[in-house]
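Undergrad: Take a look at the following structure, please.
The values are calculated or read from the model by the stated rules, or taken from the named source; none is laboratory data. Note that this is a predicted model, so its numbers are computed, not measured. Here the Cβ positions follow ideal geometry from the backbone for every residue, glycine too, while neighbour counts run over all protein chains shown.
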Amino acid sequence: MSNPVRDAIVVGAGQAGLSASHHLRRLGVDHVVLDANPTPGGAWQHRAHSLTMTDVHGVAALPDEPLPDVDPAAPAREVVAAYFADYEAAHQLPVERPVEVGAVRDDGGVLVVEAVDGRSWRTRTLVNATGTWRRPFVPRVAGVEDFVGDQLHSAAYDGPEPFVGRTVLVVGGGHSAVQVLGEIAPGSRTLWATRREPLWRDPATEPFDGRAAVALVEERVRRGLPPASVVSVTGLQLRPQEREAARLGAYERLPMPVRFDADGATWPDGTHRSFDVVLWATGFRPDVAHLAPLHLRGHGGGIELDGTTTVADPRVQLVGYGPSASTIGANRAGRTAAVAVRDLLRSTAG
């Protein structure tokens, strides 16, 4: 069976991948989208059942398809997954699933996309839209392997019920930690630890400058540094549903413990605190290990970008990475990547 060389392959069918596919189709670029999930919905389908449309920080409409009117109390994982599924069908996007990509290699100027099940595709260009969901990050802390209680990352969090009546240490200074504490504090005893003092923002007195925030992240990837966390440039704010947790003291922050033991941890001042569960709300890392054979990382440890184009290999576009790691940013990056693919194909035609 022949393995034709396509003009483009998109890896990932979340917000960025679907946006890229839409614009590639509009520009007449032959391509296929490879998605690791068995069903539509990107990372949204894995979010907690307790996360409603009221809770989310925002879902941007995909290109040329407004968001439907939905019940604000509906689970976001169901609403967004259905929206993505309808979008794929309505726009006839060429999505193949499930396909877990294990590696992307160069073969005489052609990119070979290899799935872990042995299948492969050949392409002139690649749009990587794998996001971060499959790369949860847990920091190394001394003695954590000695803790006998439960440990989970926020990626596995599915609501407050398992924590009722228990003492939970939530680690992390981002939006996920704030949301989890807001949900579990009314029924649990909570502790909150972060590496740095939380950066709080009062929207009434400190309006958010989205352009400035994106510019800061863009500067990092332009210099080949790993993308900074979103909260480092946006700050935190409490939503109305988190006020009860605030009243209970859930957002009284502790520094990181210096060492864990069987039933808890010790803090820098020598205080020992016991708890039943550690919930690591410590974020994610870009899911780009499959691109390692292309040697895209620079000396700074990140992948240097010019827009969405990787400087080390202009055949590769990164969307949903760095400044485009948001729903609005992902939409814009999808279009930028599609245009860059078209322009590269034109310049190398013949």
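Undergrad: Please go through (1) closer than 26 Å to R122 by Cα; (2) outside any loop (DSSP other than H, G, I, E, B); (3) not aliphatic (A, V, I, L, M) for Y83 and return the number of the only condition it doesn't satisfy.
TA: (1)
Here's the yes/no breakdown for (1) surrounded by 15 or more Cβ atoms within 10 Å (Cβ to Cβ); (2) under 25 Å from L294 (Cβ atoms):
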residue	(1), (2)
P72	no, no
H91	yes, no
D107	no, yes
A115	yes, yes
G118	no, yes
L126	yes, yes
T132	yes, yes
V141	yes, no
V144	yes, no
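Undergrad: Here is a follow-up. Scanning for something surrounded by fewer than 21 Cβ atoms within 10 Å (Cβ to Cβ) and either assigned by TED's automatic domain parsing to the domain that holds S176 or of a type in the set (S, T, N, Q) (or both), does the stretch 52-59 turn up at least one residue? Reasoning before the result, please.
TA: Restricting attention to the stretch 52-59, the residues satisfying the condition of being surrounded by fewer than 21 Cβ atoms within 10 Å (Cβ to Cβ) are 52-59.
Retained after the next criterion (residues that are either assigned by TED's automatic domain parsing to the domain that holds S176 or of a type in the set (S, T, N, Q) (or both)): 52, 54.
Yes: the stretch 52-59 contains one or more residues that are surrounded by fewer than 21 Cβ atoms within 10 Å (Cβ to Cβ) and either assigned by TED's automatic domain parsing to the domain that holds S176 or of a type in the set (S, T, N, Q) (or both).
Undergrad: Let me ask something additional. Given (1) modelled with pLDDT of 95 or more; (2) surrounded by 15 or more Cβ atoms within 10 Å (Cβ to Cβ); (3) within 26 Å of D313 (Cβ to Cβ), where does A43 come up short, assuming only one miss?
TA: The single condition A43 does not satisfy is (1).
Undergrad: Report whether or not L279 is surrounded by 19 or more Cβ atoms within 10 Å (Cβ to Cβ), in contact with a strand residue (DSSP E or B) (Cβ under 7 Å, 6 or more places away or on another chain) and either part of a helix (DSSP H, G or I) or of a type in the set (S, T, N, Q) (or both).
TA: Details: surrounded by 19 or more Cβ atoms within 10 Å (Cβ to Cβ): yes; in contact with a strand residue (DSSP E or B) (Cβ under 7 Å, 6 or more places away or on another chain): yes; either part of a helix (DSSP H, G or I) or of a type in the set (S, T, N, Q) (or both): no.
When the stated conditions are applied, L279 does not pass them.
Undergrad: Using the structure shown, decide if A81 is buried (at least 17 other Cβ atoms within 10 Å of the Cβ), within 22 Å of the chain's Cα centre (by Cα) and touching a residue at least 40 places away in the same chain (Cβ under 8 Å).
TA: Yes; evaluated as a whole, the condition is true for this residue.
Undergrad: Restricting to the stretch 9-28, count the residues that are in contact with a Gly (Cβ under 9 Å, 6 or more places away or on another chain) and part of a helix (DSSP H, G or I). Before the answer, list the steps.
TA: First, pick out the residues of the stretch 9-28 that are in contact with a Gly (Cβ under 9 Å, 6 or more places away or on another chain): 10-24.
Still in the list and also part of a helix (DSSP H, G or I): 15-24.
So the count comes out to 10.
Undergrad: Here is a further query. So S50 fits all but one of (1) in a helix (DSSP H, G or I); (2) closer than 23 Å to E242 by Cα; what number is the exception?
TA: (1)
Table: residues versus (1) at pLDDT 85 or above; (2) surrounded by 17 or more Cβ atoms within 10 Å (Cβ to Cβ).
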{"site": "H295", "(1), (2)": "yes, no"}
{"site": "L305", "(1), (2)": "yes, yes"}
{"site": "Q317", "(1), (2)": "yes, yes"}
{"site": "G322", "(1), (2)": "no, yes"}
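Undergrad: Can you report the number of residues in the stretch 163-176 which are at pLDDT 95 or above and either more than 18 Å from F147 (Cβ to Cβ) or of a type in the set (A, V, I, L, M) (or both)? So that I can check it myself, show each step before the final result.
TA: So the first thing to find is which residues in the stretch 163-176 are at pLDDT 95 or above, and the list is 163-172.
Checking which are either more than 18 Å from F147 (Cβ to Cβ) or of a type in the set (A, V, I, L, M) (or both) leaves us with 164-165, 168-171.
The number of residues fulfilling the criteria is 6.
Undergrad: Working only within the stretch 57-82, note down all residues that are touching a strand residue (DSSP E or B) at 6+ places or on another chain (Cβ under 7 Å) and among the hydrophobic types (A, V, I, L, M, F, W, C). Outline the logic, then answer.
TA: First, the residues of the stretch 57-82 that are touching a strand residue (DSSP E or B) at 6+ places or on another chain (Cβ under 7 Å): 72-76.
Of everything in the stretch 57-82, those that are touching a strand residue (DSSP E or B) at 6+ places or on another chain (Cβ under 7 Å) and among the hydrophobic types (A, V, I, L, M, F, W, C) turn out to be A73, A74, A76.
Undergrad: In addition: For the stretch 53-80, give me each residue that is assigned to a helix (DSSP H, G or I) and of a type outside the set (D, E, K, R).
TA: Initial filter on the stretch 53-80 (assigned to a helix (DSSP H, G or I)): 76-80.
Matches in the stretch 53-80: A76, V79, V80.
Undergrad: Which of the residues spanning the stretch 13-33 are β-branched (V, I, T), over 12 Å from Q92 (Cα atoms) and in contact with a Pro (Cβ under 9 Å, 6 or more places away or on another chain)?
TA: Scanning the stretch 13-33 gives no hits.
Undergrad: Sticking with this structure for a sec: Out of everything in the stretch 131-146 that is of a type in the set (D, E, K, R) and assigned to a loop (DSSP other than H, G, I, E, B), what residue ends up being nearest to V278 (Cα to Cα)?
TA: The initial filter retains those residues of the stretch 131-146 that are of a type in the set (D, E, K, R), namely 134-135, 140, 145-146.
With assigned to a loop (DSSP other than H, G, I, E, B) added as a condition, the list becomes 134-135, 140.
On the way: R134: 20, R135: 18, R140: 13 Å.
Per the stated criteria, the residue is R140.
Undergrad: Please find, among D343, D313, D269, the residue that is over 23 Å from A60 (Cβ atoms) and in a helix (DSSP H, G or I).
TA: Numbers: D313 fails: in a helix (DSSP H, G or I); D269 fails: in a helix (DSSP H, G or I).
Step by step, each of D343, D313, D269 is checked, and only D343 is over 23 Å from A60 (Cβ atoms) and in a helix (DSSP H, G or I).
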